Amino acid sequence: MIGAILLTLALQAQAPSAPPARAAVPDRAALLARAGEAVQQGNRAEAKRLLEIAGRDRQSVRALLQLAHLQLEDRETAAAMQTLVKARQLAPNSEDVLSAIAELSLAGRAAVPAILTLESMTRLYPDEARYSYLLGVALMGAGDLPAAIDALRKANTLQPGQRLTLLALGLAYNNQKLFTDAYPTLRKALDLDPDSVETIAALSEAEAGTGDLNAAERDAARAIARAPQNATANLVLGMVRLAQQRYPEARDVLLIAAQADPASPKPEYQLSLVYARLGDQASSDRHRQQYQEKLRAMEASLAALHPATRTPGK
Amino acid sequence: MTRLILTIAAAALVFIQPAAPELLFRDIAAQAGITFRHHAAPEKKYIVESMSGGVAMFDYDNDGRPDLYFVDSLTVDTATDPSAARSALYRNLGNDRFEDVTDKSGLGHPGWGMGVCTADVDGDGWEDVYVTALGGSRLYHNNHNGTFTDITASAGVGIPGWSAGCGFADYDHDGRLDLFVSRYVKIDLAHLPEFGKDKTCEYRGIAVQCGPRGLPGESDFLFHNDGNGHFTDVSEKAGVSDPRGYFGLGVAWFDPNGDGWPDLYVANDSTPNFLYLNQKNGTFQESAFPWGVAVSEDGAEQGSMGVAVGDYDHSGRLSLFVTNFSEEYNDLYHNDVDHFTDMSFRSKTAAISLPFVGWGDAFVDYDNDTWPDIFVVNGHVYPQLDRVRMGASAGYRQRRLLYHNRGDGTFDEVAARYGTILTDEHVSRGIAVGDIDDDGRVDIAINDLDGAPQLLHNEIATRGNWLLVALKGSSPNTGAIGAEITVTTPSGKQTSVVQSGTGYISQDDKRQHFGLGTAPEADVSVKWPDGTVTTQSAVKANQVVTIQQIK
């Protein structure tokens, strides 16, 4: 479930500011102007062709950024990344190019290029909160939660009171089981955006972790009322129902959680417990098997990210 | 006027002087004559150099006073010289003095020692000693004269490879004590995994020892006591051989489902733990997952090390406390008759344990208020960690945790309340708890991987009444291993079990300690391993009471 949330966080991140105007030779300017007109006329293919020429023949980084933007809008993610790589060859330290690469990598769940790019950016622009935030999100995606927490804490220090930073930090705390840190962080995030389902769900997880099952139950139910398929909220409510020994209800919400986040082993493990309590050993064994398969798959995907991440060997 | 000023100044001084911390434990190891030092390689480049050692508190000479045995280990550099490691047996002389009797005892050189458990394996009334080790564990028979004889070969309990945890119990109710031994990682000293070689040999981007993940594990052993001085390997037949080779460490025999037959819990590092339920026919059913004690509450396989068993909530049922790796949490699994519930976060024991690598653990009622508290020692496995203090993990040396039981299912971590004795940082492994001087306050012996051991003498001033219950079982299980003792006072019932093999590859004193609070007396009930029950009513507080099984 954290993958889906990360994607949302990455896409919701503030878009890179428009590239600054550069002194351009007339040919570049003309090509860019004609491309702009083509976009206005709805002829995106022509716009892309013109921008590609400007990038290739006139070494226009601005044209390549605009081209990548159009490609991204048209869901041509791979092509957009290729365009940005070309832009980086022309301007290796361009903040706009690096930022675009990082955000595109994050949106495409390509954690390794995102982390590598953002680590460069946080060194080049140490006071820019957005890059620390994005680095934190990328590290979360790679499963390196201690490093993610460090980056997100820095982002929160540089620019306090940002809803997305607080939410990401709260999620990272939850994943490290640092629930007493997660709780106040997520409360602040919720104050800034009282209707955020993800924040309410994450808060319920923190509340369950601090042992306040009543609050966890209340907030998980709130999140489910807004988004019945929310994976986190259903998982939390399932665990609360399990603790309350209300096993049939636990089973029902955990099945929703498993369906909502099919890659996560967590609801499968809880379901194995619930079915065991219900005396259904066959179903318990089946969900335990699925839990273990998903756990191994998750570990394999995290291991594949090495050495960009600092995942512990133990 | 001057006098008034002086009085005010003196009063002010009294006012601003920080209150002295309350005295709980004092380390008396040095003054008691304990000079043992555990050997360790400075860099711990190989996992075999990080996991030892255990400690036993047991009465080897039947003088009524618990003695101490510390297990030592070799290193890769000294692997070919068994004399480079010297485990040590200390005889309790009384008055908080110990005498090194190692040389006479013959227990000094078990090889690359790891852990220890004790039991009277032949029913002669004297405790024998089993030492786990890398390259061959050993069973030492007690000769009743301060010496021991290595009977490993004749008993048939020699185990190759890397054995770690051990414990004796009568799993088949034939009256004789059988032996379970957990094993850890398959290791070849001639072909050790290269330090920092690949991704399983890195931690936070720095080179560290490899494993256990990425290394092959070892199977486990159950030996049936045939009663003629020989044991038979029944691991596979009994269903406890661990063919997948999980990384076995701490071992606990107890009866969580109350059916009168000993079950077995095995803490596995970085792999799911085992709960083997006794099927009463010589076999076991592995049930840790459905019973909720295989992994963490959210399904994470944790690096489990030590196992403690105790009735922390006066439910009459034995719950589990399992120590784990850093950035994981210590598990408190509450016994709910037909399953366990992970109460770690709800009990307030989990959060504070996250930075620490936990090892030895025990339920101990250190203040005799009737509620068993929890004591945990910690210490990392990577000395290199101190160069990169990243994430939530503490450094290489780590403080202890003392959880005070509030009596409502939750705990307060109170180590800092008692000065620096528990907050000073160590690299600790095994602990053994018991009352070394019969003063009614539980003491703790600690074996550190690096540095001197400690003997924490309990000197708490404000404490309740107490009982120490010593059991004399019928031969051949003369130590009454597996017996459950229930002590009843107006504040409720407390249950405890006599175990061989406790905490992290160690051995607690088998006499069971109970805090009685303000109660001047208690009813004591013993459920012996064969199911018979002995009851003594209105037993006066503040004494060692010995209860003999009558057949």
State whether the residues of the stretch B:163-181 include one that is over 30 Å from residue B:278 (Cα atoms) and small (Gly, Ala, Ser). no
Go through the stretch B:76-96 residue by residue and tally those that are among the hydroxyl-bearing types (Ser, Thr, Tyr) and buried (at least 16 other Cβ atoms within 10 Å of the Cβ). 2
How about the stretch B:145-168: which of its residues are in a loop (DSSP other than H, G, I, E, B) and within 23 Å of the chain's Cα centre (by Cα)? B:157, B:158, B:159, B:161
Give the stretch B:464-500 a look and list any residue that's assigned to a loop (DSSP other than H, G, I, E, B), of a type in the set (S, T, N, Q) and crowded, with 24+ Cβ neighbours inside 10 Å, or say none. B:477, B:499, B:500
Looking across the stretch B:204-262 at residues that are among the charged types (D, E, K, R), out of contact with any Pro (no Cβ under 7 Å at 6 or more places or on another chain) and within 14 Å of chain A (Cβ to nearest Cβ), the single one that is farthest from residue B:159 (Cα to Cα) is B:213
Pairs please, first residue from the stretch A:143-157 and touching a residue at least 12 places away in the same chain (Cβ under 8 Å), second anywhere and of a type in the set (D, E, K, R), Cβ atoms under 7 Å, 6+ apart in sequence or on different chains. A:144/A:310; A:147/A:310
Whichever residue in the stretch B:325-342 is hydrophobic (A, V, I, L, M, F, W, C) and more than 9 Å from chain A (Cβ to nearest Cβ) and, among such residues, is farthest from residue B:393 (Cα to Cα): B:337
Within the stretch B:80-95, can one find any residue that is modelled with pLDDT of 95 or more, in contact with a helix residue (DSSP H, G or I) (Cβ under 9 Å, 6 or more places away or on another chain), over 27 Å from residue B:546 (Cβ atoms) and not small (Gly, Ala, Ser)? yes
For the stretch A:267-285, the count of residues that are facing chain B (nearest Cβ under 8 Å), aliphatic (A, V, I, L, M) and farther than 23 Å from residue A:233 by Cβ equals 1
Cβ pairs under 7 Å, 6+ apart or interchain, first in the stretch A:280-306 and in contact (Cβ under 8 Å) with a residue 60 or more places away in the chain, second not in a loop (DSSP other than H, G, I, E, B), ordered by first then second residue, are A:305/A:111; A:305/A:112
Given the stretch B:337-413, what strands (runs of 3 or more DSSP E) lie entirely inside it while holding 1 or more residues that are under 24 Å from residue A:210 (Cβ atoms) and out of contact with any Asp or Glu (no Cβ under 8 Å at 6 or more places or on another chain)? B:340-342, B:358-364, B:373-378, B:411-413
I need the full set of residues from the stretch A:195-219 which are within 11 Å of chain B (Cβ to nearest Cβ) and outside any helix (DSSP H, G or I), in order please. A:210, A:211, A:212
Go through (1) among the hydroxyl-bearing types (Ser, Thr, Tyr); (2) part of a strand (DSSP E or B); (3) surrounded by fewer than 21 Cβ atoms within 10 Å (Cβ to Cβ) one by one and return the number of the condition residue B:428 breaks. (3)
Looking at the stretch A:229-249, can you tell me whether even one residue there is among the basic types (Lys, Arg), part of a helix (DSSP H, G or I), more than 30 Å from residue A:128 (Cβ to Cβ) and away from chain B (no Cβ under 14 Å)? no
Could you run through the stretch B:27-69 and say how many residues are crowded, with 21+ Cβ neighbours inside 10 Å and free of Cβ contacts under 8 Å to residues at least 60 places away in the same chain? 1
Could you pull out the residue among A:127, A:193, A:219, A:181 that is surrounded by 22 or more Cβ atoms within 10 Å (Cβ to Cβ) and among the acidic types (Asp, Glu)? A:219
Considering every residue within the stretch A:83-96, establish whether at least one is within 22 Å of residue A:165 (Cβ to Cβ), touching a Pro at 6+ places or on another chain (Cβ under 9 Å) and surrounded by fewer than 24 Cβ atoms within 10 Å (Cβ to Cβ). yes
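The values are calculated or read from the model by the stated rules, or taken from the named source; none is laboratory data. Computed from a prediction, not measured in an experiment: that's the story for all the values here. We place every Cβ from the backbone using ideal geometry, glycine too, and count neighbours over all the protein chains shown.
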